[in-house]
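Here the structure is laid out as structure tokens; the discussion comes afterwards.
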Amino acid sequence: MRAERGLRRALRRQVLVLVPLVLLVSLWAASLVHAKEAAPASADPALEARVMRVANELRCLVCQNETIAASNADLAVDLRNQVREMLRQGRSEREVFDYMTARYGDFVLYRPPLKSSTVPLWFGPPVLLAVSLVGLWWMLRRRNRLPPEQFENDPIGDANDTPGPARERAGGGDTR
Amino acid sequence: MKVLRYLVPMALLAAVVAFLGVGLGLNPREVPSPLIGKPAPAFKLARLDDATQTISREDLLGQVWMLNVWASWCAPCREEHPLVIDIARRQLVAVYGLNYKDQVPAAKNWLAGLGNPYRATLVDSDGRVGIDYGVYGVPETFIVDRQGVIRFKHTGPLTPDVLRTRIEPLLKELQRAG
């Protein structure tokens, strides 16, 4: 009985390790599959590299979480061709981005420009983080300065800080 | 002071929930078009019914017109089509079609079967004009004023609600403006 229980417990522990591992590996495999991009359509590798670099910065509007480099949607193929044609004509990458934003808006850019309407987008998260860190620091400092008697009055703190014998027994008597 | 300790986190939580709630309600497909308020991009395209004739943007200046982007392969286009027919029948506006990345025979069949509300349908077989108009999901509908400026864009099938609350008031205003 005892050996069986030990075995079961070991198994359970292994499953706990294995499940996240399997998930991670499958995620990684999925990312590999998605990373495969559409085959280049022209013989010039230098041009093709530039096309892909630009296409990697542009959002596909049909499947909004993909770049037009990764997407095989009809529109993405057309837009890749458009990028290729513009670059072949000797237009700069800047001009290609301007061309796309004139038609589809800043939304096509994976790196939106910094302007008044995108200030919250760019600075919101750091500001939020800073505010919460200051809040955390302030709270911890305040608690640190409280005399110890203060904590005993807190009913929530009581339940967690003093493990009673009843809890001990409940934790140890695992017969499953 | 004690009350504040509960009220502040509650208020913060409420604010986060409110933001998430609004965010969930937004439609990610509705990308604001940068073309609103800009001159409609130029084009010169063959007519679906007569490939020898072309129509350009300049031909349509001086009137308020609607550009309805459709294709025979597009299922939602079928869904909105009765509404487009209704708009044409009530003569709310001159309706032009842009047949986007389609085959001419298939497009002709589609119109023959479902009814043709368009004054003319322009053939954009390679989707170039579609790109100029920022088309990314057929059907799309644009309204262009007499000066050739895009005033409105709707992505996805038209609905009676959009027609009543957005398009009809805008058309009244544009047609009054002269």
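Points to keep in mind about this one:
- Ordered by 1.4 Å accessible area with all protein chains kept, A:Arg142, A:Arg111 run largest first as A:Arg111, A:Arg142.
- Fraction of beta bridges assigned by DSSP in chain B that are antiparallel (%, nearest 5): 60
- DSSP H segments from chain B that extend 24 Å or more along their own axis, Cα-based, with Kyte-Doolittle mean of 0.5 or above: B:2-25
- GNM top mover of B:Thr159, B:Thr121, B:Thr52 - chain B, alpha-carbon springs below 10 Å: B:Thr52
- Where the Cα pairs of segment B:1-78 fall when distances are cut into 10 Å bins, in %: 12, 23, 23, 13, 12, 10, 6, 2, 0
- For B:Ala94, residues with placed amide H under 5 Å, excluding near neighbours: B:Met66
- Chain pair B, A: total accessible area buried, heavy atoms, 1.4 Å probe, Å²: 1400
- Rounded to 0.05, the FRET efficiency of the B:Asp59 and B:Ala15 pair, given R0 = 41 Å and the Cβ-Cβ distance, is 0.20.
- Since only B:Pro28, B:Leu7, B:Val104 are under comparison, the one whose Cα sits farthest along the positive direction of the charge dipole of chain B, derived from C-beta charges on Lys, Arg, Asp and Glu, is B:Leu7.
- Rotationally averaged projected area of segment B:29-177 (alpha carbon convex hull; nm²): 8.0
- Across segment B:1-134, Cα pairs under 8 Å and at least six residues apart give a relative contact order of 25 percent.
The values are calculated or read from the model by the stated rules, or taken from the named source; none is laboratory data. The structure displayed is predicted, hence computed values, not measured ones. Note that we place each Cβ from the backbone using ideal geometry, even for glycine, and neighbour counts take in every protein chain shown. Ligands, DNA and RNA are stripped out before the accessible areas are found, and what is left, the full protein with its side chains, is counted by its heavy atoms. Shrake-Rupley method; radii C 1.70, N 1.55, O 1.52, S 1.80 Å.
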